[in-house]
Every structure is written in C-alpha cells, then in structure tokens.
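Engineer: Here you go, one structure.
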Amino acid sequence: MPYGYHGRILHVNLNDSSYQIEEPSENFYRTYVGGGGLGAYYLLKDLKPGTDPLGADNILVVALSVVTGAPLSGFSRYTIAAKSPLTGGFAETEAGGYFGPELKFSGYDAIVIKGKSPKPVYLWIKDGKVEIRDAAAVWGLENGDALDRIREEVNEPKARVASIGPAGERMVLVSNVMNECGHANGRTGMGAVMGSKNLKAIACRGDSKKLEFADPDKVKELVSWHSQRIKEHQPNINFSKFGTPMFVMGLNAAGILPTKNFKEGVFEGAEKIGVPGLEKILKRAGTCYRCAVGCKRVVEMQTPYDINPRYGGPEYECLAAFGSFCGIDDIGAVAKANEMCNRYGLDVIGAGAIIAFAMECFEENILTEADNDGRKVLFGDTEGMLDLVNKINTRQGLGDILAQGVKRAANKIGNGADRFAFTIKGQEIPMHDPRGKTGVALSYALSPTGADHVETPHDGTFAGDGVNFVKPLGILDPVDPVSFDEAKVRFFKLGQLSWSMNNLLGICNFVAAPFLALKYEKIEEAVRAITGWETNLWEIMRATERSEVMMRVFNNREGFGPEDDKLFRRLHEPLPDGPSKGLRIDEQDLKKAIQLYYDMMGWDSAGKPTRGKLYDLNLEWLAEAQ
Amino acid sequence: MGKQIRLELQATLKRFLPAACEDYPIECGIRVRDLLEQLGIAEYEVNLVFINGVPTNLDSTLQGGEKVALYPPLGGG
C-alpha cells in the first residue's frame, strides 16, 4: 500500500456531474510526484492544443504531492493548474494554508476537473465520498460568506474550503482561488477558469490520523529537528517575527523596490508600508498547517478603513503592489485593498499591477476623467485605487476593461497605452525589479507561467558566504547579484531546479533549502520516511526537471517560442535614481543568456526539448507533441 | 577583554560598514545582536548571519577572531 499518499486521483466531469477514481501505480507517482508535475501530465494528455481557456474543454487540476499533509512545517502547499486565460499557456499556482492537507486526509492525491456544469455547483469530499452539490445559495457570495455557508450546508464546521469570489464568477482574468480567506492560489487566473466551469468551490474534510507514513518515528524525528532549526536559523526567525513585509525596506534600501509601474526603484513612503508601518495595524501572526514559522501577518483596523482580520493581512507582494507600485504610502489603504481582493477573489499582484498601469495612463493623459466617471486616478490616489479594486471586481466602467488584465486592457485603450503595459506572456509582473538581481530577469523571461518571482531563489542571498547554501547544488563561487554571464545562467538553472522541487513536493520556499531551515538532505530523508520509497535527491530532481520540460512542451504545443521569452521595455532602460541608479538589463545579454539556458537544458535553439532529452526523462510519449 | 573580528556587510548593509571593518574591535562574549546596536542597524534589516561561513543567528556570541557576515532581506514572496 502507498504511504503518505493514497494512490487515488479523483476525476470529475461537470458536464454531467459524474466522477470516477483512477488508481495509478507507484511508478506513476515516482514519475510525476505532485503539483505542477501532475498538472502538466493531465493537461498534456487530455487537453487539445488551442482550447479556449474559459471554455468547457479546459481542464483544471488540483494537485497535492506524495508528501502533502505530513506534519513537517511547510508541507502544506498544493497546486492548481490549467491552461491560463491570461497567457494562453501553462498555468500553475500554489497556495499554503489548510486546504491541501485536508484534501489529502479526505482521501485523494489530486482532482482532475473537466467540463462545465449547467448551473453553479461545488464539490464536497468527505472521507473519500464525493458529492457535486448545488451552489445556488453560495454563488455571488464573497469568500468569507461562501466559506460559512458551505460549512453550514454540509454540516461540517471544520470543512476546509477553496473557493472563488465574485471576481472569479465574473471571469475577471486576474481572479484567484482562496482557501480559508487568507491563502491564495493567486496567479495565472485560476479563479476565472473555475468561474467559467460554474464551479464555486471545493470543500473537504477527512481524518488526518488515517494518513499513514512508512516510518512514523523518523517523520517525528524530522519534525522535531526542523522545528528546532526554525527557531535557531536567522532567516526563519525573521520570517516568524516580521513576515514577508521585511522585504519592503530591504529592497527599498537597495533601490529596487518596484515603484510607480517600474518607473523608479526607491519609494519615499517605504517605511510607512514596511515593517514599521504594518506593526501599527498588526493583530497577530498567522500560519499554515503544522508550520512552526508562522510568517503571515493578520491585520485589523476600524477607521478610516474597516478591515476584517479573517481575511489575513498583506504580504510583501501586496504591500508593494498597492503601495509603492501605485505610489501609495497609506498602510491602511493598502491593507484594505488586500482585504477587498481576498473577499472578491482577486490576485493582489495582478490587481495592483493593473491599477498602477491605469494610473500611468492617467498621468500620461492616455486615460482621462471621461474614462472613469469623472475621476483621474493618479499615482498616490488612495481612494481612486480602492475604487478601481471595486470596479475590477464588479466589471463596471473602466473596471470592465481593466478586468481583462494589463495586456488586453492596453489593446482596448489604445492611444499608446501599450508603452506602459508591462506583462510577460500576458501575465502581470510581480514586485521585484530584475535590474538589481539578474537571476530574476531569467525567472521572468523563462517561467512557463509568465512573469514569476518564485522561479529561482533571488541572487543577493548567495553573494559572499551565502554561496555556502547553494554549494550542494554545484554553485561553488559567490553569486554577483547584477552580473549577467555564464555563471549567472548556471545559477538560474540550478536554483530553478531547487525551487521547482519545492513546488513539485508542495513544500514552502520559506522553510526549506537552499537558505531556509530544511536542508537538501533532510528533504530527501522526509520523502523516504513519508513514502517508504528507496529514493534520493537525484530521482526527485529528475522528476523536477521532467515537470519543467513538460510545462515547456505544453507551451511549445500552444505556439509559444523564443520570441515569448523576453522582458519588457522599462527593464531595458536604466533605473533613474537611488542606490541602483543606472542599472538596466541589456537585451543582447538577455538573449545570449536565454540561448545558453536552452543549451544547458538540452533544448534546441527554438527552445524545444530535444528528442534525446525527452527520452532521457522518460517522456517519450511527448516525442511528437511539439 | 577587547578582541577584533572581521566584519563583512553585504548589499545594502554596506552603508553601515565601519572604517575598521577588517579589525573591528568587540567586547569578548558579545552577541551579534549587540553588534547591530553598535552599528545602528535595525533588527529587521538583517536576514542572514554567518560566523566563519556558517549560518547562525543574532544571539550567537563572539569571542574575537571570527569573520562575521550580515545580509539584508533581498528575496520576496
């Protein structure tokens, strides 16, 4: 019998509310493992190229890994994958919280959802039993109300729920999937895909004691080791004490805090939206299933903004997206924007980036008062920003245009708006300026999901003695944060494997290697103790590369090519001021680096994994796919 | 008793680097945390602490003769 996982994958067809259970072999799990590996497998196998991402034929995969739900800190993450309505390419987005482990306890390792329900429904899974329930009374509700209502309907106050808000129902392209109001599968527009299928939510409940591990004593020992190291390892201490908001001040000091739609890298109001500002409205730390770190920040406010703490609080990405990126230094307004996004089911990065784009269009008189009910929304306009969050959710007025994402909105607005429209493969840009950390430039350009900031660990940590963290990967010399040479490409490629492994296994990047508490050898020990597999990092890393290659093949099959592996205008221009003044990404350097990356990966000059690479990775079934 | 350490401040922390960073004088037995206070660095500005290349934390004590490297938070998420 399998340990740590069930060997059971649920297939749901919403066209006729039917379902069946697949029971794949151990070899299947060793090959695809979890997360984006499972997602890419089902999308490549069953989704025809050219399928409309918001049509009934898109496939939504909710995937855990073979170790999800083990009681180690950070082993709680799960993936939602589909074809992205934002990019038209592969979509995967991960979230922590409690939903992933609960889905595992309920009896399944993944759910593959096809078709479109004729009316709104939600899935209810309890102890292996599956119900496809009428969502008439839930449709239209914000995420918190939907959570309460579903728990009431299924008569299970401890049910865990991943739901879409009204934004997903209206197929806003930057809509997300939220679990427990404060944990988001944020990126790539998965809320819109669920909305297009009339699927409001997935709710589940199971018994954690029924999930068996191959070597429970060893698992306990690893939990104890990991928890102790979390208390002693400074970056984990910092995550516990300050959370991701600590990055606001760090990046601002470096002159690479994305400010005003990437026009600048220094924000005067950084302290107000960073740790010192956030502490004024901090209620408590928040956490995910069995995590000893607790990096989340829960905030509360009564005036001037009424902020409900059940929706958590802003992470770094949100603080920058609605703060510096929109030129706003009012922590209350930024935290309110976060709460509204979590209520409505909007990606904070996408929504913030769209509003910053609109602000620059107003600054440049590309948009005028006439486009927005008589109001120009310039950088720094807090009320205008909050009003646009509402309008994107309801798709009213200018909001209807912005709800389609930056790329499509720029086309619709015209009048030169595309000069200020920054996306990669159609996905809005996260809150990191690659001009000061060039590994992130490669992350943005090469991620299969479009601009992604968690593709490879960020460069600066591995300068000087920091290189010791990545020596086990084969990166032996300190990393220069702003160089763009062969060593940087190698760093990117190996770092990408490392963080992609975390995604594949559903392990949080904030608890694990390269620079957080759980070292590589401990990850290996954990997989062995949980599954009982006689395995090692070599096999897990090969599965990781396999998942990367499958995602690339998916995009190639959809018509993506090297011309899509690029950045955008502003990053090729020098930062105008501050400590990183003058830094820019040279377009030719970038192109050369990308070609070298293809070479290192065993891909041809068109970015296609070679036949040899596919056979090497047991992917011969994809030999004719590109 | 007075001793020296070799102090290495990375990235944005370089602005706090004292002139005598190669032979920075310390009181034997002080914690890295106390060193931050002397240098005027806020706790949330330091994310990584290395003593002789080994990652550790702000409560580690210094005896003199060590190389101490400090890094600011530079990632994201």
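Laboratory data are not the source of any read-out in this text; all were calculated from the coordinates shown. Keep in mind that what you see is a predicted model, and the values were worked out from it rather than measured. So basically every Cβ, Gly included, is an ideal-geometry build from the backbone, and we count neighbours across all protein chains shown.
Engineer: Scan region A:415-440 residue by residue and report those that are within 14 Å of chain B (Cβ to nearest Cβ) and not in a loop (DSSP other than H, G, I, E, B).
Structural biologist: Keep residues of region A:415-440 that are within 14 Å of chain B (Cβ to nearest Cβ), which gives A:429-440.
Within region A:415-440, A:P434, A:R435, A:G436, A:T438, A:G439, A:V440 qualify.
Engineer: OK, next. Of the conditions (1) under 14 Å from A:L319 (Cα atoms); (2) touching a Ser or Thr at 6+ places or on another chain (Cβ under 6 Å); (3) of a type outside the set (A, V, I, L, M, F, W, C), A:Y289 clears all except one; give me its number.
Structural biologist: Tallying (1) under 14 Å from A:L319 (Cα atoms); (2) touching a Ser or Thr at 6+ places or on another chain (Cβ under 6 Å); (3) of a type outside the set (A, V, I, L, M, F, W, C), A:Y289 fails exactly one: (1).
Engineer: Further question on the same structure: Hey, among B:L74, B:L58, which residue is in contact with a Ser or Thr (Cβ under 8 Å, 6 or more places away or on another chain), facing chain A (nearest Cβ under 9 Å) and not in a strand (DSSP E or B)? Please lay out each step first, then the result.
Structural biologist: Values: B:L58 fails: in contact with a Ser or Thr (Cβ under 8 Å, 6 or more places away or on another chain).
Checking each option against the conditions leaves just B:L74.
Engineer: Now for a separate question. Of the conditions (1) farther than 25 Å from A:H458 by Cα; (2) under 10 Å from the mean Cα position of the chain (by Cα); (3) in contact (Cβ under 8 Å) with a residue 24 or more places away in the chain, B:D34 clears all except one; give me its number.
Structural biologist: Exception for B:D34: condition (3).
Engineer: Have a look at A:F492, A:F469, A:F484, A:F515 and point out the one that is more than 12 Å from chain B (Cβ to nearest Cβ), buried (at least 21 other Cβ atoms within 10 Å of the Cβ) and over 20 Å from A:T79 (Cα atoms).
Structural biologist: Working: A:F469 fails: more than 12 Å from chain B (Cβ to nearest Cβ); A:F484 fails: buried (at least 21 other Cβ atoms within 10 Å of the Cβ); A:F515 fails: more than 12 Å from chain B (Cβ to nearest Cβ).
On inspection, the qualifying residue turns out to be A:F492.
Engineer: Quick one: in region A:117-165, which of the residues that are touching a residue at least 60 places away in the same chain (Cβ under 8 Å) and of a type in the set (D, E, K, R) is surrounded by the most Cβ atoms within 10 Å (Cβ to Cβ)?
Structural biologist: Filtering first and then ranking leaves A:R160.
Engineer: Look through region B:1-48, keep the residues that are at positive phi and in contact with a helix residue (DSSP H, G or I) (Cβ under 7 Å, 6 or more places away or on another chain), and return whichever of them is surrounded by the fewest Cβ atoms within 10 Å (Cβ to Cβ).
Structural biologist: So, considering only residues that are at positive phi and in contact with a helix residue (DSSP H, G or I) (Cβ under 7 Å, 6 or more places away or on another chain), the one surrounded by the fewest Cβ atoms within 10 Å (Cβ to Cβ) is B:G40.
Engineer: While we're on this one: Taking the options A:G313, A:G352, A:G294, name whichever one is small (G, A, S) and surrounded by fewer than 24 Cβ atoms within 10 Å (Cβ to Cβ). Don't jump to the end; show me each part of the working.
Structural biologist: On the way: A:G313 fails: surrounded by fewer than 24 Cβ atoms within 10 Å (Cβ to Cβ); A:G352 fails: surrounded by fewer than 24 Cβ atoms within 10 Å (Cβ to Cβ).
That would be A:G294, the only listed residue that is small (G, A, S) and surrounded by fewer than 24 Cβ atoms within 10 Å (Cβ to Cβ).
Engineer: Do you know which of the residues in region A:441-466 that are more than 13 Å from every other protein chain (Cβ to nearest Cβ) and of a type in the set (G, A, S) is farthest from B:P72 (Cα to Cα)?
Structural biologist: Pass one, region A:441-466, residues more than 13 Å from every other protein chain (Cβ to nearest Cβ): A:441-442, A:445-450.
Add one more test, that the residue is of a type in the set (G, A, S), and what stays is A:441, A:445, A:447, A:450.
Values: A:A441: 20, A:A445: 26, A:S447: 26, A:G450: 28 Å.
In this case the residue turns out to be A:G450.
Engineer: Moving on to the next point. Can you find, within region A:608-620, the residue that is surrounded by the fewest Cβ atoms within 10 Å (Cβ to Cβ) among those that are assigned to a helix (DSSP H, G or I) and free of Cβ contacts under 8 Å to residues at least 24 places away in the same chain?
Structural biologist: Filtering region A:608-620 down to residues assigned to a helix (DSSP H, G or I) leaves A:611-616, A:620.
Adding the requirement that they be free of Cβ contacts under 8 Å to residues at least 24 places away in the same chain leaves A:611-612, A:615-616, A:620.
Numbers: A:R611: 16, A:G612: 9, A:Y615: 12, A:D616: 16, A:E620: 11.
Selected residue: A:G612.
Engineer: Right, here's the next one. Could you please find all residues in region A:165-182 being within 22 Å of A:K296 (Cβ to Cβ), in a loop (DSSP other than H, G, I, E, B) and of a type in the set (A, V, I, L, M)?
Structural biologist: If the condition is that a residue be within 22 Å of A:K296 (Cβ to Cβ), in a loop (DSSP other than H, G, I, E, B) and of a type in the set (A, V, I, L, M), then A:V174 is the only one that fits.
Engineer: Would you check which residues across region A:37-69 are assigned to a loop (DSSP other than H, G, I, E, B), in contact (Cβ under 8 Å) with a residue 60 or more places away in the chain and under 21 Å from the mean Cα position of the chain (by Cα) and list them?
Structural biologist: A:P53, A:L54, A:N58, A:L64, A:V66, A:V67, A:T68, A:G69
Engineer: Identify all residues within region A:357-381 that are assigned to a helix (DSSP H, G or I), among the small types (G, A, S) and surrounded by fewer than 24 Cβ atoms within 10 Å (Cβ to Cβ); write none if there are none.
Structural biologist: As a first pass, look at region A:357-381 and keep what is assigned to a helix (DSSP H, G or I): A:357-363, A:369-371.
Then keep just the ones that are among the small types (G, A, S); that gives A:358, A:370.
Across region A:357-381, the qualifying residue is only A:A370.
Engineer: Could you count how many residues in region B:27-39 are assigned to a strand (DSSP E or B) and more than 14 Å from every other protein chain (Cβ to nearest Cβ)?
Structural biologist: Within region B:27-39, the subset assigned to a strand (DSSP E or B) is B:27, B:31.
With more than 14 Å from every other protein chain (Cβ to nearest Cβ) added as a condition, the list becomes B:27.
Number satisfying all stated conditions: 1.
Engineer: Starting from region A:309-333, keep only residues that are away from chain B (no Cβ under 14 Å) and under 20 Å from A:A253 (Cβ atoms), then list their pairs with residues that are of a type in the set (K, R) and surrounded by fewer than 24 Cβ atoms within 10 Å (Cβ to Cβ) whose Cβ atoms are within a distance under 9 Å, requiring at least 6 positions of separation or different chains.
Structural biologist: As it stands, the answer is A:G327/A:K260; A:D329/A:K272; A:I331/A:K272; A:I331/A:K280, since those pairs meet every condition given.
Engineer: Could you go through region B:3-26 and let me know if any residue there is closer than 24 Å to A:L516 by Cβ, assigned to a loop (DSSP other than H, G, I, E, B) and more than 8 Å from chain A (Cβ to nearest Cβ).
Structural biologist: Taking every residue of region B:3-26 in turn, none turns out to be closer than 24 Å to A:L516 by Cβ, assigned to a loop (DSSP other than H, G, I, E, B) and more than 8 Å from chain A (Cβ to nearest Cβ).
Engineer: Would you tally the residues in region B:40-50 being under 9 Å from the mean Cα position of the chain (by Cα) and either more than 9 Å from every other protein chain (Cβ to nearest Cβ) or of a type in the set (S, T, N, Q) (or both)?
Structural biologist: 0
Engineer: What about A:K280, is it touching a Phe, Trp or Tyr at 6+ places or on another chain (Cβ under 7 Å) and touching a residue at least 24 places away in the same chain (Cβ under 8 Å)? Full working, then the answer.
Structural biologist: Working: touching a Phe, Trp or Tyr at 6+ places or on another chain (Cβ under 7 Å): no; touching a residue at least 24 places away in the same chain (Cβ under 8 Å): yes.
Taking the combined requirement at face value, the residue does not satisfy it.
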